[in-house]
1. Return M161, M38, M105, M150 ranked ascending by Cβ neighbour count within 10 Å, so the fewest neighbours appear first.
2. Given the options F167, F62, F156, which has the most mean-square fluctuation in a GNM of the chain, springs set between C-alpha atoms less than 10 angstrom apart?
3. Quick one: 3J(HN,Hα) in Hz for the range 125-130, Karplus 6.51/-1.76/1.60 with θ = phi - 60°, rounded, Gly and Pro as x.
4. When the chain is modelled as a GNM with alpha-carbon springs shorter than 10 Å, which of P146, P95, P68 fluctuates the most?
5. Using a basic spin-label model with each label point 7 Å from the Cα along Cα→Cβ, how many nm lie between K75 and I190?
6. In the Gaussian network model of the chain, springs joining C-alpha atoms below 10 Å, which of I182, I160, I174 carries the largest mean-square fluctuation?
7. Where the only charges are on Cβ atoms (+1 Lys, Arg; -1 Asp, Glu), what is the dipole of the chain about its Cα centre, to the nearest 20 debye?
8. Report, in listed order, any pair from K12/K129; K7/K152; K128/K152; K152/K192; K75/K128; K12/K147 with a Cα-Cα distance greater than 29 Å.
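What follows is calculated from the coordinates using simple rules that are stated; it is not laboratory data. Treat the numbers as computed from the prediction; the structure is a model and nothing was measured. Ideal geometry is used to build each Cβ from the backbone, glycine not excepted, and the neighbour counts take in all protein chains shown.
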Amino acid sequence: MKEDPYKSWARKYDFFVEPFNKTLREIGIGLHPPVAGMNVLDVGCGTGTTLNHYQEADCNVFGIDSSPSMLSVAKSRLSRKANLRLGDASNMEYPNDFFDLVITMMTLHEISHTTRLKICDEMIRVLKKDGRILAVDYHPSNQIFPKGWMNKSVIFFFEIMAGSEHFKNFRDFIARDGIPGIIENRNLDIEKSKVVSSGNLGIFMLRPNC
């Protein structure tokens, strides 16, 4: 069984990462505010912080993550109504055309290109024809000097610290144009987008074009 890379610090994750993710999450939720009763899936749901906002608005929330440690934190945060699964997002067991909103936040850069494409196809499969995908991740734009360059240096430091395989996937993600590169030729259009962190991060609302 593959070792859980988050085992030693899942309980500390929100303390270190939440200040960084909070603004991204708020902007993303602003692009697709919760509506009571809609089905929401978070791919790579982590500690469940994003799903918590949708659950509080009476949405039906679902999450999938490959880390048992992170999922354990999510289960303690969310109510029992949340449907949380330990599993592989490139081969999900959810039915076709089921979700109104699928979220992936700071997840796709961590994994190989082949797996990214499979996850993208799975997100499209489980999404309703009039649904939306909210994708948040690093963005390969020209960073604004000096703050953008400083932020980029910090990002590279943390990605290197995450390990050689993680850093390799991160570099590949950036080289392939991030989220816009992943959705190319995949029947998705960018409906709304916002680049933040002086050019380092992108928030994209995607819609099916077929």
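1. Going from least to most buried by this count: M161, M150, M38, M105.
2. F156
3. Working through the residues one at a time gives 4, 7, 7, 5, 4, 9 Hz.
4. Comparing P146, P95, P68 in a Gaussian network model of the chain, the most mobile one is P146.
5. The answer from the label model is 3.9 nm.
6. The residue that fluctuates most here is I160.
7. Approximately 280 debye in magnitude.
8. Beyond 29 Å: K12/K129; K128/K152.
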